[in-house]
Amino acid sequence: MTPSSPDVNILIHGLFFMTYNPTTDNLEILAPKITDHLFVGGIRGSRVQLPSSPVILTNAGLKAGTPHFPGGNKRKIPNEIKGTILQFTRDETGVGDFSGATNFVGKIILPWPEEFHSIRCDDRAKTFKADPSSVVGQRIEDNCNGKGKSKAGVVTCLRYKVVDPKALPWPSGANPHFYLQPCMDHDSNAVNADLAEVKQCFVNPTSFDLQLIPLPTIPRTPIGKNKCQDNPAGLTPDDELSLDEENDNGAPDIRSICANSKPISAEDGDEEPAVSPANCPTFYVG
């Protein structure tokens with residue numbers, strides 16, 4: 001993104017729960033407590049591990065958009081949440097509302113974005129295949145298919161108009177990133193363990209029954225391909241990299257954050273666990 005751009009892209013990587021707060025009209029992005037996952041944020045080159053106190057960006061010079069709910073029901077999924085974003089509602093799955101703050105390591109509070117984009121997409125059927133007995137998995141399929149989408153994004157991009165450049169907490173023209181990911185490669189067994197762990201984020205934890213069918217190998221989703229044909233202006237392929245890929249590539253800021261992280265073992269037969277929509281996916285919860 002050039003310094004003269006009127007827009008900013010905020011990139012979300014990892015197993016976050018995005019939701020609408022009807023009291024404030026804000027987008028809230030909740031970071032569950034997951035073993036070996038780090039809550040990290042900032043612009044590339046100066047990212048840091050974030051504290052548990054909320055990251056509040058409602059006064060960061062960003063223009064708020066307006067969510068559009070089917071039938072005006074604010075517990076449904078807004079129309080602008082594209083079918084390439086994994087999505088379900090609390091009511092249709094029975095998970096109930098979110099549980100207490102002790103099950104989360106942080107929260108990001110933003111104005112409602114002007115646009116949502118899915119970055120680094122791949123076929124959902126090949127990379128995020130839910131156990132057919134899962135109610136949550138079936139509702140994700142129904143909701144995404146109902147919006148005519150068969151692909152899912154590894155990264156969610158939130159796009160805003162900048163109305164006050166002086167209020168931005170990062171340099172003008174930069175793309176801030178937020179991660180809730182491990183520093184090492186993740187395989188499908190590890191992802192299923194993560195999904196089991198985040199049950200406690202809901203009032204009715206047993207209703208969050210999402211599990212993936214373990215695959216001998218997960219197809220690696222490449223960067224820079226724009227398979228969803230949804231990449232907004234101002235992004236580079238490097239903006240699509242996950243935390244573990246940045247660590248493997250030797251990014252100094254991430255190497256420092258990940259210095260004390262322990263390796264995560266690959267599955268048998270999977271020498272290089274792949275980065276795909278199955279790896280720490282981001283969900284919209286209505």
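Please treat every number below as a calculation from the coordinates, not as lab data. The shown structure was predicted, so the numbers you read here are calculated from the model rather than taken from an experiment. Quick reminder, even Gly has a Cβ in these numbers, built from the backbone with ideal geometry, and neighbours come from all protein chains shown.
Quick notes on this one:
- Per the chain, cysteines lacking a partner by the 4.7 Å Cβ criterion: C144, C157, C201, C280
- Spatial separation of Cα centroids for the stretch 6-26 and the stretch 104-136, in angstrom: 12 Å
- Equivalent ellipsoid dimensions for the stretch 84-161 as semi-axes, Å, which come from the Cα gyration tensor, largest first: 22, 20, 12
- DSSP beta bridges in the chain [antiparallel fraction, %, rounded to 5]: 80 percent
- In whole percents, the pair-distance distribution calculated for the chain from its alpha-carbon pairs, binned every 5 Å from zero, is 1, 6, 13, 18, 21, 19, 13, 7, 2, 1, 0.
- Helical content of the chain, expressed as a calculated mean residue ellipticity at 222 nm, amounts to -3500 deg cm²/dmol (DSSP H runs of 4 or more residues, -39,500 (n - 2.57) each, divided by residue number, nearest 500).
- Positive-end ranking of P171, P205, P219 along the dipole of the stretch 144-286, with charges on Cβ about the Cα centre, is headed by P171.
- Note on the stretch 35-152: lysine pairs with Cα distance below 13 Å, sequence gap of 8 or more or different chains, count 5.
- For the chain, relative contact order (Cα pairs under 8 Å, six or more residues apart, normalised by length) works out to 33 percent.
- Rounded to the nearest 20, the size of the Cβ-charge dipole of the stretch 1-112 about its Cα centre is 120 debye, with Lys and Arg at +1 and Asp and Glu at -1.
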